[in-house]
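What follows draws every value from the coordinates through simple rules; no lab data is involved. Given the structure is predicted, the values throughout are model-derived calculations rather than measurements. All Cβ positions, glycine included, derive from the backbone under ideal geometry; neighbour counts span all protein chains shown.
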Amino acid sequence: MMRWRIETQILAGFVLAVIVLAIVGTGLYRTTVGFVATSAALDRSQRAVTALETVYSLLNQAEARQRLWLLLGGDQELLTREQALRRIYGLLDELDTLTEDKSELNARLPELRASIATRLGRLDAVLEAHRRDGAEAGRRQLAAGPGRAEMENVRAVVVAMQAELDGHIAARRQAVEHSANRTLSMLALLLMLVALALGALYARIRRETSERRASEERLHAVVANAGDGIVTIDSNGLIESFNPAAERLFGYAAAEVVGRNVSLLMPEPHRGRHDGYLERYLRGQGANLIGTVRELSARRKDGSEVPVGLSVGEMVLGGESHFTGVLHDLTQRRRSEARQNALIADLRTMNEELENFAYVVSHDLKAPLRGIGSLADWLLADYATALDDQGREYLSLMKNRVTRMDALIDGILEYSRVGRTEPSRAPVDLNVLLAQALQLLAPPPEVTVTVEGALPVVEGDATRLQQVLQNLIGNAIAHRHQPHCAIRVFATDQGERWRISVADNGPGIDPRHHERIFQLFQVLTPRDRKESTGVGLALVRKIVELHGGKVWVESRPGEGATFHFTLPKAAQPASRGEHRA
């Protein structure tokens, strides 16, 4: 999973915090607006209650001033009465505005206005009677009117409106408290989220810083303990770091080279040309050797040169290129290569000498063997009547030993030749090779060789592969133990390879000998009973392995044996059909 950089994580955390703050701030804004609106409505309700109380009080004051004027006279009382009436009408207009959002309460204002108007009309009638008929008429008019009932009516309307306003005030106060509590909750949530976000961000930054510090320490330990020299330089070619392996390689202490030009570590002519190389590379004009491994010479503090393998990597920090060079000391490898080349040359010389020796020895051995064989033939021909049965048996045994020795020398020479040169690679039709091998073997009539299906075309050396088929079929013929020997040859497709199998109905081989029979000079049947050099199967293994395949046997005593070997496929498919010989 992709891991974000710390800068990206901080930016993501900041964006998330802003989103959370915006959401919480929006909720807080709405809560605050509701709180302000509710507070304003509560204030209007309280002002409306105060206005109602003031209206009723001013109405009583106006009536009281009028009564004083009737009893005592004096224009000041009437003036106070007129001021109270003007305030009453102003308060009624104010109540109309304060109860706009309260339809039921606002609908009762006309009733209040009518009650007040009725009462004031009665008082105005008393004043008119006083002015027209005198003080006594005014007092009689006042006493005859239903003043108390009218004031009680006004008071009843005021009390009903106050009760309704008290209900509104209680609801508003509850709403204000609810808004205040919600506002405090939102503020607490905001502070908690901010604290959590800052805490998480701080913990992440601290963990990232700790991880970076640990990573830097691990990197420093790796660089310090690296077996190869590691040198870093800036875009001007000045050395920035020099690890202990580089100190051992060049003989300089880090303090001696840090801040100096890296060309200090180069022999001429590279020493004088390095800055030009670097400048052209930074301009995009030089060869790009970043990531490649070059073998060159480096210059030690004592002026000697050392062969090194150099790999250069580039990194860009803050818009400036920095380069890291890893230098591997090739001194030991060059010495090993020189020793290896010397050993290979010596081995070639020895192989040539051995090959010459093998030919000379084979010639020198075969010459007396042929002489001994001829002598045995002459003795059997010329002295047959003079020899008894035991003498003829001894001569026959001697001739068989000579023949076996001759075959053994041929087998050893053939085995030594295989692998001296790389086998040729060409498409080879195994059907043709098998026919040629059978012609050379000339199996007796009691031997039947059957090809099941068709043999494929493989990639390899025709001569060597013919030897493989000839040796495997010849081995089956030589070790037959039944009146009729049946040999089957078939192929199996294994993807990129063919598996070729040669099966017989012979005596079989114990599994504990399956590996042994492919070793040189190893035979399972005593040579007195069955002539064998022990070279044939070893030669088969060597040829197959040179072709990149492998050979093995599957067999049990009394169940015959099946030899398998694998070979690479050729481009052309094999022809189909069944071949018998």
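Okay, here's what the table says:
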quantity	calculated
Cα centroid of segment 422-500 to Cα centroid of segment 170-188, whole Å	102 Å
Within segment 177-266: Cβ-based charge dipole about Cα centre, in debye rounded to nearest 20 (Lys, Arg +1; Asp, Glu -1)	360 debye
Extension gain (nm, one decimal) between Thr26 and Met350, 0.36 nm per residue minus Cα-Cα	107.2 nm
Computed lengthening from Glu295 to Gln436, 0.36 nm per intervening residue step minus Cα-Cα distance	45.4 nm
Neighbour-limited loop hits for trypsin sites (Lys or Arg not before Pro), segment 222-286 (at most 11 other Cβ within 10 Å; DSSP other than H, G, I, E, B)	Arg283
Shape metrics for segment 55-119, restricted to C-alpha atoms - Rg then Dmax, Å	14.0, 46
Reachable aspartates and glutamates, given that their alpha-carbon falls under 17 Å from the alpha-carbon of Lys301 and they are not under 8 places away in the same chain	Glu247, Glu256, Glu268, Asp329
Whole-Hz ³J(HN,Hα) from phi, Karplus 6.51 cos²θ - 1.76 cosθ + 1.60, for segment 465-482, glycine and proline x	5, 5, 4, 4, 4, 5, 5, 5, 5, x, 5, 5, 5, 5, 9, 5, 9, 10
Whichever aspartates and glutamates have a C-alpha closer than 16 Å to that of Lys399, once near sequence neighbours (fewer than 8 apart) are set aside	Asp377, Asp382, Asp389, Asp528, Glu531
Residues whose placed amide H lies under 5 Å from that of Gly460, excluding near-sequence neighbours	Ala426, Val428
